[in-house]
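The values are calculated or read from the model by the stated rules, or taken from the named source; none is laboratory data. Because the structure is a prediction, the values reported are computed rather than measured. Note that each Cβ is placed from the backbone with ideal geometry, even for glycine, and that neighbours are counted across all protein chains shown.
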């Protein structure tokens, strides 16, 4: 499977590098940003097929990032990377407009499956999500 462009947004540089390596085998171009302002600017400029973003941006934490992206770029598919291992975080992300929810702890195993599901118009959640709202 080969897509055109993905925009990866995470404020943790180590995470960016690791996920980028994984994504370079799937996408022709992998763009990376480390803050919310750069994310919004890059979406406008690049028009990616998919945005994979962390929920923990310092400016507008949590679901505010998803709400803002949905309002400004309703056509962009958003897959969330998160350290929050709970059903509430996942359900809230879907309710806000995300199409996938991948735990950072299982991203190596789950991210390719998530991308395939999103490409097929399906939602994806990491299978190892807990039933509670644990971290």
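Remarks
Per-residue answers, yes or no, for (1) assigned to a helix (DSSP H, G or I); (2) more than 19 Å from residue 108 (Cα to Cα):
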{"site": "18", "(1), (2)": "yes, no"}
{"site": "21", "(1), (2)": "yes, no"}
{"site": "25", "(1), (2)": "no, no"}
{"site": "32", "(1), (2)": "no, no"}
{"site": "40", "(1), (2)": "yes, yes"}
{"site": "44", "(1), (2)": "yes, yes"}
{"site": "53", "(1), (2)": "no, no"}
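This table checks each residue for (1) modelled with pLDDT of 90 or more; (2) touching a strand residue (DSSP E or B) at 6+ places or on another chain (Cβ under 8 Å); (3) closer than 22 Å to residue 49 by Cα.
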site: 87; (1), (2), (3): no, yes, no
site: 101; (1), (2), (3): yes, yes, yes
site: 111; (1), (2), (3): yes, yes, yes
site: 114; (1), (2), (3): yes, yes, yes
site: 127; (1), (2), (3): yes, no, no
site: 130; (1), (2), (3): no, yes, no
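- Selection status of residue 115, buried (at least 17 other Cβ atoms within 10 Å of the Cβ), in contact (Cβ under 8 Å) with a residue 60 or more places away in the chain and assigned to a helix (DSSP H, G or I): yes
- Residue check, residue 80 touching a helix residue (DSSP H, G or I) at 6+ places or on another chain (Cβ under 9 Å) and within 15 Å of residue 124 (Cβ to Cβ): yes
- Residue that is surrounded by the fewest Cβ atoms within 10 Å (Cβ to Cβ) [pool: residues in segment 61-90 that are without any contact (Cβ under 8 Å) to a residue 24 or more places away in the chain and part of a helix (DSSP H, G or I)]: 71
- Number of positions in segment 4-14 that are surrounded by fewer than 19 Cβ atoms within 10 Å (Cβ to Cβ) and within 21 Å of residue 69 (Cα to Cα): 4
- If you go through segment 15-51 and pick out every residue that is within 24 Å of residue 64 (Cα to Cα) and in contact (Cβ under 8 Å) with a residue 60 or more places away in the chain, you end up with 3.
- Qualifying residue in segment 37-58 (condition: at pLDDT below 85 and loosely packed, with under 14 Cβ neighbours inside 10 Å): yes
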